[in-house]
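Asker: This is the structure, below, for whatever I ask next.
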């Protein structure tokens, strides 16, 4: 469908129906032809600010999923969906916090408190943590989703802050007390409560409205035996792992263990088997050199490609100030074709073969010499039949 001006209401409804008929994600813009690769973006602009219509449509063509606040696109959302009918354009709503100027907006019983009786507030933002089990607050979250979708013409809702960050020491001014047990919230209790809130939102909005949440964290947290964050996916369409592979402030010399790396890549296949979509973000905001940053970029993309399946969307954020609207230069340049099968550990490194390429990741602490099963070009254009993989290294090859 070609670009044109804002849709009439009837046409807008058709665009939503087309977008929601897609099983999994559709590749957008620059990655057409490599359907396993799906880019996504979160857009948060200052209150009252908005991207221009041309900027909005360019983003719609670039990404398969966009989560945005209500001001991000002005009146351009219908044009975005015209240009990319499969775009999942999600309204940002904080599922656990009232804003910093809303300390008395809601009834007092909706707010969570510390053991000293102080309202729980996030450090830095100053937002107020709410009782996510309170039916009044749950209804307010639902209403916020509905109002934002209606105002901005978005087709779904993205619920932030469903994970355990809010009950982790240091994130707020004090541990929140569970009104039922009168003790600090445990991770299983908190995740159970936020998962139930997300399910209520999805049930109320209906099967045809995509609902995603933020709170998976990473692979080890997803598969945790006592408090698996994967439960957030129950009853909704998908969720974000915001610390996929690494925490944002970690030094760029830090890499996950092989066990933790496997948990991160295997969560993609686990979620896909359950019919759920994943949003993945790798942030490299810690100290390091330009070479270390480039190595992490390749490592993150290659790790994603190990189990990329069209139902997991990826973004790489190199710094807090990087432009999230820009295309990922590495993802945009790839044309690997379809995968030939699942990844496997061969010759000491993990490998996945594609119709027009090969991806290798060495998440171990060993240096490994690998004989390739053909002739390939690396990302610099060098033709290779063998490669030596340093510890925590990755390579992305295309057919020579």
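Asker: Within region 99-109, does at least one residue satisfy the condition of being touching a helix residue (DSSP H, G or I) at 6+ places or on another chain (Cβ under 9 Å) and either surrounded by fewer than 17 Cβ atoms within 10 Å (Cβ to Cβ) or over 30 Å from residue 182 (Cα atoms) (or both)? Write out each step before concluding.
Answerer: Of region 99-109, the ones touching a helix residue (DSSP H, G or I) at 6+ places or on another chain (Cβ under 9 Å) are 106-107, 109.
With either surrounded by fewer than 17 Cβ atoms within 10 Å (Cβ to Cβ) or over 30 Å from residue 182 (Cα atoms) (or both) added as a condition, the list becomes 107, 109.
Yes, the conditions are met somewhere in region 99-109.
Asker: Pairs under 7 Å by beta carbon, first residue closer than 13 Å to residue 42 by Cβ in region 320-332, partner surrounded by 13 or more Cβ atoms within 10 Å (Cβ to Cβ) and modelled with pLDDT of 90 or more, six or more apart or different chains?
Answerer: Close Cβ pairs (under 7 Å, with a partner that is surrounded by 13 or more Cβ atoms within 10 Å (Cβ to Cβ) and modelled with pLDDT of 90 or more) amount to 320/285; 324/41; 324/42; 324/43; 324/317; 325/41; 325/43; 325/59.
Asker: If you don't mind, another one. So how many residues does region 70-86 have that are without any contact (Cβ under 8 Å) to a residue 40 or more places away in the chain and within 21 Å of residue 239 (Cα to Cα)?
Answerer: Going through region 70-86 one residue at a time, the tally reaches 0.
Asker: OK, next. Restricting region 355-400 to residues that are assigned to a strand (DSSP E or B) and in contact with a helix residue (DSSP H, G or I) (Cβ under 8 Å, 6 or more places away or on another chain), which is surrounded by the most Cβ atoms within 10 Å (Cβ to Cβ)? Break it down into steps so the answer makes sense when it comes.
Answerer: Of region 355-400, the ones assigned to a strand (DSSP E or B) are 357-362, 368-377, 383-389, 393-399.
Filter again for in contact with a helix residue (DSSP H, G or I) (Cβ under 8 Å, 6 or more places away or on another chain), leaving 359-361, 393-396.
Values: 359: 25, 360: 24, 361: 28, 393: 21, 394: 24, 395: 22, 396: 22.
Looking at the filtered set, the residue picked out is 361.
Asker: Taking residue 164 as the residue in question, decide whether it is buried (at least 19 other Cβ atoms within 10 Å of the Cβ), under 25 Å from residue 242 (Cα atoms) and at pLDDT 95 or above. Explain how you work it out, then say what you get.
Answerer: Values: buried (at least 19 other Cβ atoms within 10 Å of the Cβ): yes; under 25 Å from residue 242 (Cα atoms): yes; at pLDDT 95 or above: yes.
So residue 164 fits the description; yes.
Asker: Continuing with this model, one more query. So, in region 110-134, exactly how many residues are part of a strand (DSSP E or B) and crowded, with 18+ Cβ neighbours inside 10 Å? Walk me through how you get there before you give the answer.
Answerer: The initial filter retains those residues of region 110-134 that are part of a strand (DSSP E or B), namely 111, 113, 119, 121-122, 128-130.
Imposing the further condition that a residue be crowded, with 18+ Cβ neighbours inside 10 Å reduces the set to 111, 119, 121-122, 128-130.
So the answer is 7.
Asker: Which is in contact with a helix residue (DSSP H, G or I) (Cβ under 9 Å, 6 or more places away or on another chain) and either within 16 Å of residue 91 (Cα to Cα) or at pLDDT 75 or above (or both), of 58, 8, 47? Walk me through it before giving the result.
Answerer: Values: 8 fails: either within 16 Å of residue 91 (Cα to Cα) or at pLDDT 75 or above (or both); 47 fails: in contact with a helix residue (DSSP H, G or I) (Cβ under 9 Å, 6 or more places away or on another chain).
Within the list 58, 8, 47, the selection yields 58.
Asker: Out of (1) in contact with a helix residue (DSSP H, G or I) (Cβ under 7 Å, 6 or more places away or on another chain); (2) outside any strand (DSSP E or B), what's the single condition that is false for residue 93?
Answerer: Exception for residue 93: condition (2).
Asker: Tell me, please, whether a residue that is under 27 Å from residue 348 (Cα atoms) and in contact (Cβ under 8 Å) with a residue 12 or more places away in the chain can be found in region 201-213. Can you show your working first?
Answerer: Filtering region 201-213 down to residues under 27 Å from residue 348 (Cα atoms) leaves none.
No; the residues of region 201-213 include none that is under 27 Å from residue 348 (Cα atoms) and in contact (Cβ under 8 Å) with a residue 12 or more places away in the chain.
Asker: Could you please let me know if residue 336 is farther than 29 Å from residue 65 by Cα, in a loop (DSSP other than H, G, I, E, B) and either touching a residue at least 12 places away in the same chain (Cβ under 8 Å) or touching a strand residue (DSSP E or B) at 6+ places or on another chain (Cβ under 6 Å) (or both)? Write out each step before concluding.
Answerer: Values: farther than 29 Å from residue 65 by Cα: no; in a loop (DSSP other than H, G, I, E, B): yes; either touching a residue at least 12 places away in the same chain (Cβ under 8 Å) or touching a strand residue (DSSP E or B) at 6+ places or on another chain (Cβ under 6 Å) (or both): yes.
No; evaluated as a whole, the condition is false for this residue.
Asker: Taking residue 313 and the conditions (1) under 25 Å from residue 67 (Cβ atoms); (2) in contact with a helix residue (DSSP H, G or I) (Cβ under 6 Å, 6 or more places away or on another chain); (3) modelled with pLDDT of 95 or more, which numbered condition does it fall short on, given that it satisfies the others?
Answerer: Here residue 313 clears every test but (2).
Asker: All but one of (1) touching a residue at least 12 places away in the same chain (Cβ under 8 Å); (2) over 27 Å from residue 113 (Cβ atoms) hold for residue 184; state the number of the condition that does not hold.
Answerer: (2)
Asker: Residues to consider are 31, 18; find the one that is modelled with pLDDT under 95, under 25 Å from the mean Cα position of the chain (by Cα), surrounded by fewer than 17 Cβ atoms within 10 Å (Cβ to Cβ) and farther than 23 Å from residue 142 by Cα.
Answerer: Working: 31 fails: surrounded by fewer than 17 Cβ atoms within 10 Å (Cβ to Cβ).
So the residue among 31, 18 that is modelled with pLDDT under 95, under 25 Å from the mean Cα position of the chain (by Cα), surrounded by fewer than 17 Cβ atoms within 10 Å (Cβ to Cβ) and farther than 23 Å from residue 142 by Cα is 18.
Asker: So, in region 65-81, how many residues would count as being part of a loop (DSSP other than H, G, I, E, B) and either within 15 Å of residue 323 (Cβ to Cβ) or in contact with a strand residue (DSSP E or B) (Cβ under 6 Å, 6 or more places away or on another chain) (or both)?
Answerer: Quick first cut of region 65-81, residues part of a loop (DSSP other than H, G, I, E, B) only: 69-76.
Then keep just the ones that are either within 15 Å of residue 323 (Cβ to Cβ) or in contact with a strand residue (DSSP E or B) (Cβ under 6 Å, 6 or more places away or on another chain) (or both); that gives 69, 72.
So the answer is 2.
The values are calculated or read from the model by the stated rules, or taken from the named source; none is laboratory data. Please read all numbers here as calculations on a predicted model, not as lab measurements. Counting neighbours? That spans all protein chains shown, and the Cβs are built from the backbone with ideal geometry, glycine included.
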